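Below: the structure, in structure tokens.
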Amino acid sequence: MPHLQSIIHPAGIQAQRISDLWWTMFWICAVVWVAVAVAALIAIRRGRQGADAAASQWTITRNVAIAGAVSLVALVALLFQSVVVGRALDTLRSPDALRIQVTGSQWWWDVQYDNPIPSLRVTTANEIHLPVGRPVVISLIATDVIHSLWIPNLQGKIDLVPGRLNELWLQADKAGVYRGQCSEYCGLQHAKMALVVVAEPPEQFERWLTANRAPAPAPATPEQQRGKEIVERGPCAMCHNITGTLAGGRTAPDLTHIASRSTLAAGSVPNVRAYLAGWIADPQSMKPGNRMPAPNLPAEQLQAVLAYLETLK
Ligand code: CUA
């Protein structure tokens, strides 16, 4: 499924307002540009004909005054619309909003769906699911450096700052799969800090949420069982969490339902077995500088781990 990332295909009310502002600016500036170009061409032509000497001082003053007044009106109009849109972007607030916390780290996104009952909270990574038509408030924080969340089809950018909680309100009005990315340079793999946003009908979203509340499914074959043991007892569990198992690390993406996600390494590659194998065998070749050391598993152990991870739907 292609992931759309475009400011001119708004899929929510906020992005629609930003898009309208952009087109107003585009057309006003286009008209000004054409007017200036035409005036310059006329001036060049008249200059060659020696006609300028005939223009009176009064004509020149009048033309400058008209150009100045038109520019002033255009700039004030743009400023006015810009302020109106800026204020409107913050008007979605609703007590019924879905609350999500997104934490940015070098170079991935931790995503938590809030719930007053702790056991009903859902943790995932690098993929956000949203119900269409419902306001969403995303609380944002960073653990290391400043990042910035940008989902162009849905909203403008907002920074994730260590030690400071920011909030972003948005609403998806059209179902679809959108691509978001980090838009503040945050180190070596800034370009590979993307995320997938899936906007879906509310019933479908609820099904997804319920499925993600469940602990990891139990292994069904001896190979999967062996893979689970390697994950639990090996280096994986130091950083990764898989709910329902002994793996309880919190410093790397949650893997409880890794197989249900569409990408690996924060939107870097599709989530298919070949890439997953390549990633675990040598994470530094796919995304140099990332925080995952190679676990150096023998081939047979790697196959067992892959077989297990693929069951984590
Ligand atoms: Cu995170 Cu750029």
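Is it the case that residue 131 is more than 18 Å from residue 165 (Cβ to Cβ), loosely packed, with under 10 Cβ neighbours inside 10 Å and of a type outside the set (A, V, I, L, M, F, W, C)?
Working: more than 18 Å from residue 165 (Cβ to Cβ): yes; loosely packed, with under 10 Cβ neighbours inside 10 Å: no; of a type outside the set (A, V, I, L, M, F, W, C): yes.
Here the answer is no, as residue 131 does not meet what is asked.
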Requiring at least 3 residues that are of a type in the set (S, T, N, Q), the strands (runs of 3 or more DSSP E) wholly within segment 65-171 are 98-105
Across (1) surrounded by fewer than 20 Cβ atoms within 10 Å (Cβ to Cβ); (2) closer than 22 Å to residue 97 by Cβ; (3) near the ligand (Cβ under 10 Å from one of its atoms); (4) not β-branched (Val, Ile, Thr), residue 149 clears everything bar (1)
Pairs returned, first residue in segment 65-92 that is closer than 18 Å to residue 154 by Cβ, second residue that is among the charged types (D, E, K, R), beta-carbon separation under 9 angstrom, 6 or more apart or interchain, are 85/17; 85/20; 88/17; 89/17
Pairing a residue in segment 17-32 that is farther than 10 Å from residue 85 by Cβ with any residue that is surrounded by 14 or more Cβ atoms within 10 Å (Cβ to Cβ) and among the aliphatic types (A, V, I, L, M), where Cβ atoms lie under 7 Å and the two sit 6 or more apart in sequence or on different chains, gives 25/78; 28/74; 28/78; 32/74
Per the filter on segment 113-136, residues away from the ligand (no atom under 15 Å from the Cβ), more than 23 Å from residue 91 (Cα to Cα) and within 15 Å of the chain's Cα centre (by Cα) are 124, 127
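Looking for whichever is within 14 Å of the ligand (Cβ to nearest atom), in contact (Cβ under 8 Å) with a residue 12 or more places away in the chain and hydroxyl-bearing (Ser, Thr, Tyr) here; the options are 105, 139. Which one fits? Outline the logic, then answer.
Numbers: 139 fails: within 14 Å of the ligand (Cβ to nearest atom).
Answer to the check: 105.
Can you say whether residue 188 is within 16 Å of the ligand (Cβ to nearest atom), closer than 23 Å to residue 240 by Cβ and not in a loop (DSSP other than H, G, I, E, B), as far as the supplied structure shows? Steps first, answer last, please.
Numbers: within 16 Å of the ligand (Cβ to nearest atom): yes; closer than 23 Å to residue 240 by Cβ: yes; not in a loop (DSSP other than H, G, I, E, B): no.
The answer is no for residue 188.
Considering each of 9, 3 in turn, give the residue that is in contact with a Lys or Arg (Cβ under 7 Å, 6 or more places away or on another chain) and within 28 Å of residue 261 (Cβ to Cβ).
Details: 9 fails: in contact with a Lys or Arg (Cβ under 7 Å, 6 or more places away or on another chain).
Checking each option against the conditions leaves just 3.
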Of the conditions (1) touching a residue at least 60 places away in the same chain (Cβ under 8 Å); (2) touching a strand residue (DSSP E or B) at 6+ places or on another chain (Cβ under 7 Å); (3) away from the ligand (no atom under 16 Å from the Cβ), the single one that residue 247 does not satisfy is (1)
Checking 216, 211, 237 in turn, the sole residue that is surrounded by fewer than 15 Cβ atoms within 10 Å (Cβ to Cβ) and over 21 Å from the mean Cα position of the chain (by Cα) turns out to be 211
Every listed condition ((1) under 29 Å from residue 5 (Cβ atoms); (2) assigned to a loop (DSSP other than H, G, I, E, B)) holds for residue 250 save (1)
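Bear in mind that the values in this text are calculations on the coordinates, not laboratory data. A quick note: this is a predicted structure, and the numbers were derived from the prediction, not measured. FYI the Cβ positions are ideal-geometry reconstructions off the backbone, even for glycines, and counts take in every protein chain you see.
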